[in-house]
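Written below as structure tokens is the structure these notes are about.
The values are calculated or read from the model by the stated rules, or taken from the named source; none is laboratory data. Bear in mind that the values here come from a model prediction, so they are computed numbers and not experimental data. Every residue, glycine among them, receives a Cβ derived from its backbone with ideal geometry; neighbour counts consider all protein chains shown.
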2 protein chains.
Amino acid sequence: MKSDIPVTSLQRLPVYLNYLKTSGNGEQYISSGAIARALSLGEVLVRKDLAFTSAQGRTRVGYVREELIAALEEYLGCNNRKTAAIFGAGGLGSALLSYGGFGNYGIDVVAAFDNDSAKIGGEIGGKPVFDINEAREKTRELDVKLAVICVPAKYAKDVADVLVDCGVRAILNFAPVLLKVPEGFVVRNIDVAANLAILSVTQ
Amino acid sequence: MKSDIPVTSLQRLPVYLNYLKTSGNGEQYISSGAIARALSLGEVLVRKDLAFTSAQGRTRVGYVREELIAALEEYLGCNNRKTAAIFGAGGLGSALLSYGGFGNYGIDVVAAFDNDSAKIGGEIGGKPVFDINEAREKTRELDVKLAVICVPAKYAKDVADVLVDCGVRAILNFAPVLLKVPEGFVVRNIDVAANLAILSVTQ
């Protein structure tokens, strides 16, 4: 589904959505040119990206703002509730459990999993922390579709294997190891330290 | 500097480095083909990426592992100490202050900045928390070259403006707003919720 959109275009859609939701003073229309200028992107690129959604731009006036927002939200599945779980309730995991921004994308973070008996059975950010050994049953029970891996590097592969086994098809991985998953599953690896290092090389 | 390397190649260099550092059983050589297979990448691509570093592959045997690791570390500036600061000592900021992985890339996180008087003057992860209003003087005093923005969305632009003003040229931004910086500065925006939403669209 939606595999025809280039990843780079897909990555820009939330950026357009954020921009549209945080700008504007009640204007009804917005042009691709205005979006392009505000975000320092090419206008043709913006039009191509937005063409993947159901939004229809009109000559001269551009897009109806509310329609464009709705089209982006629809494309990104924001109105489509999906359940996520956080694996590893350490510093980063705890921060994500308390983070309010997932709801904008229809993502409902329902639980965390950890191996620390001091955390298991408790709550963080109002979400229950379960034993990682119960992940198989609990992810099925809670119908978890998305997972964020925040465990130390040495545990990340094992957690990913469990997730694949449970059919959790989308995994965001913050552990600094490259995780590979079978076809039909997607993983995105975000190594914070590597990202910062890369920035320092390019500046 | 190093502006000739495509961003996508640059982003893969830490992945190669991580792989090389966590694999191998004392073998002296590693071929581009072996790296490509392990990471599910094309062999030509791997060779092209590695050609940006000073490593020299040899016909049939490949790269000397230790030389390739050293070349990647040199390219990524891992042996080149640089000072970073965390802006926003909330959940994510605190997690990053306690995270040990920055040292692998020569990044020394030295301080945090926040506007919460309960945190200012204290320490998190052994790092001092300063008043955000002192950012101008402190970043100069500490020679901060890199910054990670972990403040709520509404404060992110102000923090970025201060950083630009202080000449902190590389910024990693976790606030869910698109930050723009003048030429000569680089910013990388990582919106965790958007990343997870994108994953759920593609799977």
Quickly run through region B:64-74 and pick out the residues that are over 17 Å from B:Arg12 (Cβ atoms) and either in a helix (DSSP H, G or I) or free of Cβ contacts under 8 Å to residues at least 24 places away in the same chain (or both).
B:Arg65, B:Glu66, B:Glu67, B:Ala70
If you scan region A:148-184, which residues turn out to be in contact with a strand residue (DSSP E or B) (Cβ under 7 Å, 6 or more places away or on another chain) and among the aromatic types (Phe, Trp, Tyr)?
A:Phe174
Given the conditions (1) touching a residue at least 40 places away in the same chain (Cβ under 8 Å); (2) in a helix (DSSP H, G or I); (3) farther than 21 Å from B:Val186 by Cα, which single one is not true for B:Ala135?
(3)
Just one of B:Gly42, B:Gly26, B:Gly62, B:Gly103 is small (Gly, Ala, Ser) and assigned by TED's automatic domain parsing to the domain that holds B:Arg136; which is it?
B:Gly103
Based on what the data block shows, is B:Asn195 within 11 Å of chain A (Cβ to nearest Cβ), within 19 Å of B:Arg81 (Cα to Cα), polar (S, T, N, Q) and surrounded by fewer than 21 Cβ atoms within 10 Å (Cβ to Cβ)?
no
Failed condition for A:Asp143, given (1) more than 11 Å from chain B (Cβ to nearest Cβ); (2) out of contact with any strand residue (DSSP E or B) (no Cβ under 7 Å at 6 or more places or on another chain); (3) of a type in the set (Asp, Glu)
(2)
Is it fair to say B:Gly77 is touching a residue at least 12 places away in the same chain (Cβ under 8 Å), outside any helix (DSSP H, G or I), away from chain A (no Cβ under 11 Å) and touching a helix residue (DSSP H, G or I) at 6+ places or on another chain (Cβ under 8 Å)?
no
Of A:Val201, A:Val129, which residue is buried (at least 16 other Cβ atoms within 10 Å of the Cβ) and not in a helix (DSSP H, G or I)?
A:Val129
Over region A:33-62, the set of residues touching a helix residue (DSSP H, G or I) at 6+ places or on another chain (Cβ under 7 Å) and either in contact (Cβ under 8 Å) with a residue 40 or more places away in the chain or over 26 Å from B:Val186 (Cα atoms) (or both) is A:Asp49, A:Phe52, A:Thr53, A:Ser54, A:Ala55, A:Gly57, A:Gly62
Inspect all residues belonging to region B:124-139 and state whether any of them is touching a Lys or Arg at 6+ places or on another chain (Cβ under 7 Å) and in the same structural domain as B:Ala51 (by TED's automatic domain parsing).
no
For region A:153-192, which positions are more than 10 Å from every other protein chain (Cβ to nearest Cβ), part of a helix (DSSP H, G or I) and aliphatic (A, V, I, L, M)?
A:Ala156, A:Val159, A:Ala160, A:Val162, A:Leu163, A:Val164
Being in a loop (DSSP other than H, G, I, E, B), assigned by TED's automatic domain parsing to the domain that holds A:Cys166 and over 26 Å from A:Asp191 (Cβ atoms) narrows A:Ala89, A:Ala118 down to just A:Ala118
Looking at B:Arg136, is it at negative phi, surrounded by fewer than 20 Cβ atoms within 10 Å (Cβ to Cβ) and more than 11 Å from chain A (Cβ to nearest Cβ)?
yes
Selection over region B:98-119 where residues are buried (at least 23 other Cβ atoms within 10 Å of the Cβ) and more than 8 Å from chain A (Cβ to nearest Cβ) yields a count of 5
Among the residues of region A:42-68, the number that are buried (at least 16 other Cβ atoms within 10 Å of the Cβ), hydrophobic (A, V, I, L, M, F, W, C) and more than 25 Å from B:Ser200 (Cα to Cα) is 1
Candidate set from region B:5-32 (those that are surrounded by fewer than 13 Cβ atoms within 10 Å (Cβ to Cβ) and touching a residue at least 24 places away in the same chain (Cβ under 8 Å)); member that is farthest from the other protein chains (Cβ to nearest Cβ)
B:Gln28
Filter region A:80-90 down to the residues that are buried (at least 20 other Cβ atoms within 10 Å of the Cβ) and among the small types (Gly, Ala, Ser) and list them by number.
A:Ala84, A:Ala85, A:Gly88, A:Ala89
Selection from region B:136-168 of residues that are touching a Leu at 6+ places or on another chain (Cβ under 8 Å) and more than 15 Å from B:Leu97 (Cβ to Cβ):
B:Thr139, B:Ala156, B:Lys157, B:Ala160, B:Val168
Quick one: which residue in B:Ala84, B:Ala95 is within 11 Å of chain A (Cβ to nearest Cβ) and out of contact with any Phe, Trp or Tyr (no Cβ under 9 Å at 6 or more places or on another chain)?
B:Ala95
Take the residues in region B:169-191 that are hydrophobic (A, V, I, L, M, F, W, C) and surrounded by fewer than 21 Cβ atoms within 10 Å (Cβ to Cβ); name whichever of them is modelled with the lowest pLDDT.
B:Val177
In this structure, is B:Phe102 at pLDDT 90 or above and in a loop (DSSP other than H, G, I, E, B)?
no
